[in-house]
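For reference, the structure is listed below as structure tokens.
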Amino acid sequence: MTMTDPKDSNVPAAPVPYIPSQTLVPVPLQQPDALGQVPVTAQPTPAGWYRDHNSGQMRWWDGQRWTENFAPTATAGNGAATAALVFGILGFLLTPIPLFIGLFLGGPLDILGIIFGIIGVSKAGKVGRGGAAAVWGLVLSGLAFISIFLGAGTIW
């Protein structure tokens, strides 16, 4: 078995597991040798998923070396698109309530729906998710907002 230089970036280091529930690991008592020193035996790291220090991803350690297996990464969602759709639906339903009630209840939701719809459409281009929800939220919020100028929430 050859030792490698720890500074060599081509050789991944063995994972160091983090066990929050155990602060002390029980070690069997050993007798000191002739010089009075207790030999230290290193326990091998058990097989499992550990964070690879080179890639930052979760990688399978088979107990002796890294394998080529990486854990699947979670894909990012588009929260702005979801928010736009929710604000758009609520604004579209509340804005037509007469006697200025719809104006005060639905108006701010319409504005928020338009803002989050624009952010959601922009983010959908980068993330690749939520484009339809963002567009629907933007359309519903826009229609409800335009209907305010036609009297929705005020006189009809």
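The values are calculated or read from the model by the stated rules, or taken from the named source; none is laboratory data. Note that the coordinates shown come from a computational prediction; the quantities given were computed from them, not determined experimentally. Note: ideal-geometry Cβ built from the backbone for every residue, glycine included; neighbour counts use all protein chains shown.
Of GLY63, GLY120, which residue is small (Gly, Ala, Ser), at positive phi and out of contact with any strand residue (DSSP E or B) (no Cβ under 8 Å at 6 or more places or on another chain)? Before the answer, list the steps.
Numbers: GLY120 fails: at positive phi.
Exactly one residue qualifies, and that residue is GLY63.
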Of the residues in the stretch 86-100 that are touching a Gly at 6+ places or on another chain (Cβ under 7 Å) and outside any loop (DSSP other than H, G, I, E, B), the one that is farthest from GLY142 (Cα to Cα) is LEU94
ILE155 meets each of (1) under 28 Å from the mean Cα position of the chain (by Cα); (2) among the hydrophobic types (A, V, I, L, M, F, W, C); (3) part of a loop (DSSP other than H, G, I, E, B) with one exception, condition (1)
Pairs, first part of a strand (DSSP E or B) in the stretch 67-85, second charged (D, E, K, R), C-beta under 6 Å, six or more apart
PHE70/ARG59
Boolean, ASN54 is modelled with pLDDT of 85 or more and under 30 Å from LYS126 (Cβ atoms):
no
Exactly one condition in (1) farther than 30 Å from ALA74 by Cα; (2) out of contact with any Leu (no Cβ under 8 Å at 6 or more places or on another chain) is false for GLY153; which is it?
(2)
Is the stretch 108-123 home to any residue that is under 16 Å from GLY77 (Cβ atoms), under 24 Å from the mean Cα position of the chain (by Cα) and outside any helix (DSSP H, G or I)?
no
Only unsatisfied item for LEU150, checking (1) part of a helix (DSSP H, G or I); (2) out of contact with any helix residue (DSSP H, G or I) (no Cβ under 9 Å at 6 or more places or on another chain), is (1)
Considering only the stretch 69-89, I want to know if a residue exists there that is modelled with pLDDT under 95 and either among the charged types (D, E, K, R) or on the phi > 0 side of the Ramachandran plot (or both).
no
Looking at the structure I just gave you, is PHE104 in a helix (DSSP H, G or I) and more than 12 Å from ALA84 (Cβ to Cβ)?
yes
Filter pass, GLY77 being under 29 Å from the mean Cα position of the chain (by Cα) and over 30 Å from THR154 (Cα atoms)
yes
